[in-house]
Amino acid sequence: MKKLKVGVIGAGSLSEAHFDAYKNNPNVELVAVCDLIEGRAAAKAEKYTISTIYTDYHEMLANPELDAVSIVTWNNTHKDIAVAALDAGKHVLCEKPLCLNHDEALEIKAATERSNKKFMIGYVRRHASSINVLKELIDKGSLGEIYYAKASNLRRLGNPGGWFSDKSRSGGGPLIDIGVHVIDLLWYLMGRPKVKTVSANTYNKLGNRTNIKSLSFYKAADYSPANDVEDLANALIRFENGASLMVDVSFTLHVKNEQSSAVIFGDKGGAEIDPSLVIVHEENDIILNSTPQIDSPSFNFADGFQNEINHFVNSCLTGEDPIGGIDDGVEMMKILTAIYESAAKQQEIVF
């Protein structure tokens, strides 16, 4: 099998996960890195022995030896870079969220349809070892019909500032940043049903809360105190098959401790996904809580990113369709856009 020649667009902190995972894959050759800040690109090139650096992604995409790219940039650039990469004949792995809204997602979908290249979104939580185990159980009917799921990811002092709190670059706050992870994960496990209605709220009450002296706070590399994104979002999502999903997610909240939970329920059993995988089922009229014996029962980012990159590389080299392709991205952006629209209009969105 030939090696896939890969470039990474964006050399910020999250790019490390991509670089490390590509470096660990024997079927990959890292050949290029691009960043607006030349020194940052040069540092990554030196660390990962990459021959070519760019500050303009258009120049990078014109490189004929490049087979595939990872897009690890601000959310507001994802659409333009993804479309340009596909039109240049490159396979694309785009970090979540896919883009800023549903209309942009449709533009990317159009680009995938005129390209014969693979396109995948970096929904890293889908690729955790524990999720692979749970998905197999669900697909075999062990939990029966999945009809309800609930996720909560509440930070009490977790607004990073910088581009994360600049809506023009991020597209939103905790919903589009950390909420998309759990919404997509549960939707994926539920069988990816089509959305029917969305009812939601968003709140901007606390901002970055840099006045807090007794606790450290998240801080983006380009930190600034400006903030025009939501602190908290909650939503009830109903699907065409009758199932429903509830979610609440925050950057800043007066909560005793940070909370992260994700659960899913079927008519034959349920599963607690966070903080670690537990299967709930019945046997001999007894309710049992079962803990699968696997290497990574709780989510591990390094494990997830390595599995994600390996899956993307394999798709590019074999021609197999990846998990988390453009159709999933379009539906997820439809849901996220509807949540923000519902909150702004204070009414349910019906499709």
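The stretch between Lys140 and Asn300 holds 55.1 nm of extra length on full extension. This uses 0.36 nm per residue minus the Cα-Cα distance.
Value of Rg to Rh for the chain, rounded to two decimals, is 0.97; Kirkwood radius and Rg both from alpha-carbon coordinates. Amide H contacts under 5 Å for Thr252: Gly158, restricted to partners 5 or more places along the chain or on a different chain, H placed in the peptide plane at 1.01 Å from N. From the C-alpha gyration tensor of the range 1-89, pull out the three semi-axes of the equivalent ellipsoid (sqrt of 5λ each), sorted largest to smallest, in whole Å. The answer is 18, 16, 12 Å, longest axis first. Candidate cross-link partners of Lys194 among the aspartates and glutamates, defined by an alpha-carbon separation under 12 Å and a same-chain spacing of 8 or more, comprise Glu240, Asp327, Asp328, Glu331. Estimated at 0.36 nm per residue, the fully extended path between Ala221 and Glu282 surpasses their Cα-Cα distance by 17.1 nm.
Can you list the lysines whose alpha carbon is less than 18 Å from that of Lys268, not counting same-chain residues fewer than 8 positions off? Once the sequence-local lysines are set aside, what remains near Lys268 is Lys135, Lys140, Lys150.
Evaluated on the range 37-76, the Kirkwood hydrodynamic radius is 11.3 Å, with distances taken between all distinct Cα atoms.
Taking each of Lys2/Lys117; Lys167/Lys219; Lys5/Lys117; Lys96/Lys256 in turn, the alpha-carbon distance tops 21 angstrom for Lys96/Lys256. The range 86-245: D in µm²/s via Stokes-Einstein (Kirkwood Rh, Cα pairs, 25 °C, 0.890 mPa s)? After rounding, the answer is 137 µm²/s. GNM on the chain, alpha-carbon springs under 10 angstrom: the most fluctuating residue among Ile37, Ile212, Ile178 is Ile212.
Restricting the calculation to Cα atoms, the range 178-321 shows an Rg/Rh of 1.02 when the hydrodynamic-style radius is the Kirkwood one.
Bear in mind these aren't lab numbers, they're just calculated from the coordinates by the rules spelled out. Here the structure is a predicted model, which is why all the values come from computation and not from measurement.
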